[in-house]
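The values are calculated or read from the model by the stated rules, or taken from the named source; none is laboratory data. In this text the structure is predicted, and so the values were computed from the model without any measurement. Note: ideal-geometry Cβ built from the backbone for every residue, glycine included; neighbour counts use all protein chains shown.
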Amino acid sequence: MAEPFLSIQHVRKSFGATTVVEDFNLDVEPGEFVSFLGPSGCGKTTVLRMVAGFEEPSAGKIVVAGKDITRLKPNQRNVGMVFQAYALFPNLTVAQNIGFGLKVAGMPRADIDARVAEMLDIIKLPQMADRYPYQLSGGQQQRIALARAIAPKPKLLLLDEPLSALDAKVRVSLREEIRSIQKKLGITTIFVTHDQEEALSISDRIAVMYGGKAEQVGTPFEIYNRPATKFVANFVGTLNVLEGKVTDAAAGTVQVNTQEVSLKGKLNGSKSGDMLSLALRPEAISLGRQPGRDSSLSGEISEVHFLGSVIRVRVGIGGHTVSLDTFNSPATPPPAVGEKAEISFSSSDMLVLH
Amino acid sequence: MKSGKFWAWVVFALGAAYFFIPLIATVEFSMRMRRGAYSFDAYQIVLGDPRFQATFGYSVLAAVFTIILGVLIVVPAAYWIRLRLPHLRPIVEFITLLPLVIPAIVIVFGYIRMYGSNSPLPFLATDMGTNALLVIGYAMLALPYMYRAVDTGLRTIDVRTLTEAAQILGAGWGTIIGRVILPNVLIAVLSGAFLTFAIVIGEFTMASLLNRPAFGPYLQNVGANRAYEPAALAIIAFAITWGCMSLIQILSRFAPRSANRPN
């Protein structure tokens with residue numbers, strides 16, 4: 001296996017008696033786009049700040065391109081960073097902001113001008129060179145911040161929730177732009193976000209963090225479809241969780257409420273009588289019996305929300321409520337609240353959470 | 001509503017009268033040097049007096065050095081406290097307020113005892129040393145104003161994020177303070193500088209007890225011995241102070257605007 005470009009090894013960070021990052025390990029390949037995804041306080045920004053050099057790890061080491069940078073100052077690391085609050089220098093024009101790192105590095109004026117023009121073209125704002133930050137929208141400011149970060153050709157690009165301060169529409173377009181620029185330049189990137197949609201849509205891999213640890217590291221497909229822990233399953237995407245009791249471990253049968261479901265081959269290590277958390281994504285459930293779906297549960301429709309192209313239906317099954325989406329069909333009216341309903345699914349889509 | 005506006009104007013007029021009537025009276029008195037006619041004779045005498053020019057020049061120079069010293073001490077200190085030592089802020093604020101509580105005469109006697117010609121640091125043994133001590137004393141007197149002005153300026157920018165943004169782009173501390181922080185708090189620094197200027201120009205106690213040829217002692221001397229000239233001098237001093245305040249107002253329009261606004 002090739003040497004990882006960025007290697008975070010057994011990193012721990014404590015502030016006084018509080019440990020915010022615990023034994024964090026991650027290898028990132030050259031040119032890879034990895035997202036740190038997790039709720040507030042999970043330690044994702046602290047790990048990023050340790051990679052940037054703003055925080056010193058209490059233990060462990062950080063290696064970039066084979067060089068241990070753990071004790072280097074931020075200005076010695078050749079790392080680019082985009083901040084949530086843009087952090088453009090208010091006293092400098094757009095061109096001066098983009099050229100700041102180049103000027104600090106002592107690049108000749110003509111080369112700075114050429115690189116700034118190139119950056120402005122990349123972020124598609126060539127006419128903004130002489131504007132001041134306060135004359136730009138939030139989206140434009142963040143594009144400039146991105147250009148400023150990549151202008152000195154850093155080895156690594158760090159993005160600390162760069163889209164959080166923007167409105168929804170700009171957020172979607174800018175995240176696609178960030179990904180396309182990252183791919184074009186082939187720059188290894190770490191992206192911190194608490195927005196799962198953002199992480200799923202643009203990452204090569206995602207590290208889902210909780211309580212200072214990486215709960216799971218994997219591709220968006222793996223994270224979504226094969227969550228390793230209960231936290232990952234709950235945090236990423238919408239999930240219906242049903243509590244069940246193993247009735248026959250050998251046969252793979254589980255009782256949910258008063259109904260039995262067959263989960264053959266999925267009950268590794270469980271004994272008869274064990275309580276289990278079973279999870280199903282809404283898109284894995286159909287209303288009514290459908291061909292190819294080998295399991296079903298009966299209940300009563302408790303809520304119906306008409307959302308245009310999609311109808312969100314909630315079905316009460318004993319003490320549980322299962323949410324599922326069906327496509328709107330002009331010829332078929334939506335189901336009514338209080339109707340008896342059967343939901344069907346493939347047992348292979350059922351996740352057993354540990 | 002209209003009645004409220006009327007009374008607001010009455011209060012404003014009373015306040016303005018309280019402020020302007022003594023000033024107008026002083027201007028009027030300063031112009032009565034020539035019998036039976038208004039004239040600028042008192043101003044001509046004051047402005048033509050070589051001692052006025054010498055003492056005013058001395059105080060202006062002292063003010064410039066005081067401002068430079070104040071900026072060199074206060075900007076890095078206030079910046080570092082905001083960035084790394086926010087828990088020390090109340091203590092530092094208290095220390096910067098001390099010059100308002102401790103009379104200048106106490107401080108200057110302390111200086112004379114500490115830095116006399118027989119002390120290990122004999123500032124007072126030479127003219128240049130005494131001048132330096134006066135500037136240090138002035139910087140201390142101006143500390144409450146300079147610190148507050150700079151601290152208020154720093155409050156308007158995101159010091160930590162701007163510092164980190166500059167650091168990650170390769171900048172060292174000198175570049176960060178010189179090219180990022182100082183330009184963004186320049187108007188606040190200038191406000192502090194003009195307040196310092198106004199304090200130094202009129203300061204009497206320190207200059208007098210350290211026996212320096214400053215403008216403050218000259219003002220006192222003229223006030224004690226002449227009739228119309230002190231009034232003219234008071235108006236000149238007012239004009240200088242107001243000029244400084246106007247400059248603060250004008251310059252604040254050119255302050256870099258914060259870019260951190262919602263999209």
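Taking the stated definitions as given, is residue B:140 away from chain A (no Cβ under 14 Å) and touching a helix residue (DSSP H, G or I) at 6+ places or on another chain (Cβ under 6 Å)? Yes; evaluated as a whole, the condition is true for this residue. When each of A:105, A:110, A:65, A:117 is tested for being away from chain B (no Cβ under 14 Å), touching a residue at least 24 places away in the same chain (Cβ under 8 Å), more than 19 Å from residue B:158 (Cβ to Cβ) and of a type in the set (A, V, I, L, M, F, W, C), the lone residue that passes is A:65. Could we say that residue A:11 is away from chain B (no Cβ under 14 Å) and in a helix (DSSP H, G or I) here? Considered against the rule, which asks whether it is away from chain B (no Cβ under 14 Å) and in a helix (DSSP H, G or I), residue A:11 comes out as no. Here residue B:165 meets the list (1) under 30 Å from residue B:245 (Cβ atoms); (2) within 13 Å of chain A (Cβ to nearest Cβ); (3) not basic (Lys, Arg) almost entirely, failing just condition (1). Please verify whether residue B:150 is β-branched (Val, Ile, Thr), under 19 Å from residue B:69 (Cα atoms) and either at the interface with another protein chain (Cβ under 7 Å from one of its Cβ atoms) or surrounded by 22 or more Cβ atoms within 10 Å (Cβ to Cβ) (or both), treating the condition exactly as stated. Yes; evaluated as a whole, the condition is true for this residue. Residue count for the stretch A:99-138 under the criterion of being surrounded by fewer than 17 Cβ atoms within 10 Å (Cβ to Cβ) and of a type in the set (Ser, Thr, Tyr): the result is 2. In the stretch A:178-202, the residue that is farthest from the chain's Cα centre (by Cα) out of those that are surrounded by 18 or more Cβ atoms within 10 Å (Cβ to Cβ) and without any contact (Cβ under 8 Å) to a residue 60 or more places away in the chain is A:181.
Condition first: modelled with pLDDT of 85 or more and more than 18 Å from residue A:238 (Cα to Cα). Now tell me which residues in the stretch A:315-331 satisfy that. Matches in the stretch A:315-331: A:328, A:329, A:330, A:331. Across the stretch A:33-59, the qualifying residues are those that are surrounded by 18 or more Cβ atoms within 10 Å (Cβ to Cβ) and polar (S, T, N, Q), and the one among them that is farthest from the other protein chains (Cβ to nearest Cβ) is A:35.
The rows are residues; the columns are (1) surrounded by fewer than 20 Cβ atoms within 10 Å (Cβ to Cβ); (2) away from every other protein chain (no Cβ under 14 Å); (3) small (Gly, Ala, Ser).
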site	(1), (2), (3)
A:165	no, no, yes
A:205	yes, yes, no
A:212	no, yes, yes
A:248	yes, yes, no
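Among the residues of the stretch A:230-240, the ones that are of a type in the set (Val, Ile, Thr) and modelled with pLDDT of 85 or more come to 2 in all.
Would you confirm whether any residue within the stretch A:142-159 is closer than 16 Å to residue A:185 by Cα, more than 10 Å from chain B (Cβ to nearest Cβ) and out of contact with any helix residue (DSSP H, G or I) (no Cβ under 9 Å at 6 or more places or on another chain)? There is at least one residue in the stretch A:142-159 that is closer than 16 Å to residue A:185 by Cα, more than 10 Å from chain B (Cβ to nearest Cβ) and out of contact with any helix residue (DSSP H, G or I) (no Cβ under 9 Å at 6 or more places or on another chain). Look at the stretch A:208-230: where a residue is more than 13 Å from residue A:23 (Cβ to Cβ) and a partner is assigned to a strand (DSSP E or B) and among the basic types (Lys, Arg), sitting 6+ places away or on another chain with Cβ atoms under 6 Å, you get A:219/A:205. The sole residue among B:176, B:199 that is touching a Leu at 6+ places or on another chain (Cβ under 7 Å) and either more than 14 Å from chain A (Cβ to nearest Cβ) or within 30 Å of residue A:101 (Cα to Cα) (or both) is B:199. Being within 13 Å of chain B (Cβ to nearest Cβ) and aliphatic (A, V, I, L, M): is that true of residue A:79 here? For residue A:79, the condition - within 13 Å of chain B (Cβ to nearest Cβ) and aliphatic (A, V, I, L, M) - is met.
Tell me which residues, restricted to the stretch B:179-192, are more than 11 Å from chain A (Cβ to nearest Cβ) and within 16 Å of residue B:77 (Cβ to Cβ). If the condition is that a residue be more than 11 Å from chain A (Cβ to nearest Cβ) and within 16 Å of residue B:77 (Cβ to Cβ), then B:188, B:189, B:192 are the ones that fit.
Within the stretch A:68-83, the set of residues being farther than 25 Å from residue A:103 by Cβ and either under 26 Å from the mean Cα position of the chain (by Cα) or touching a residue at least 40 places away in the same chain (Cβ under 8 Å) (or both) comprises A:70 only. Kindly establish whether residue B:229 is within 21 Å of residue B:42 (Cβ to Cβ) and either within 14 Å of chain A (Cβ to nearest Cβ) or acidic (Asp, Glu) (or both). Here the answer is yes, as residue B:229 does meet what is asked. Could you check, for the stretch B:184-199, whether at least one of its residues is within 21 Å of residue B:239 (Cβ to Cβ), in contact with a helix residue (DSSP H, G or I) (Cβ under 8 Å, 6 or more places away or on another chain), of a type in the set (Val, Ile, Thr) and part of a helix (DSSP H, G or I)? Taking every residue of the stretch B:184-199 in turn, at least one turns out to be within 21 Å of residue B:239 (Cβ to Cβ), in contact with a helix residue (DSSP H, G or I) (Cβ under 8 Å, 6 or more places away or on another chain), of a type in the set (Val, Ile, Thr) and part of a helix (DSSP H, G or I).
Residue-by-condition table, conditions (1) of a type in the set (Ser, Thr, Tyr); (2) more than 30 Å from residue B:181 (Cβ to Cβ); (3) part of a helix (DSSP H, G or I); (4) at pLDDT 90 or above:
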residue	(1), (2), (3), (4)
B:82	no, no, yes, yes
B:89	no, no, yes, yes
B:92	no, no, yes, yes
B:95	no, no, yes, yes
B:121	no, yes, no, no
B:124	no, yes, yes, no
B:128	no, yes, yes, yes
B:131	no, yes, yes, yes
B:135	no, no, yes, yes
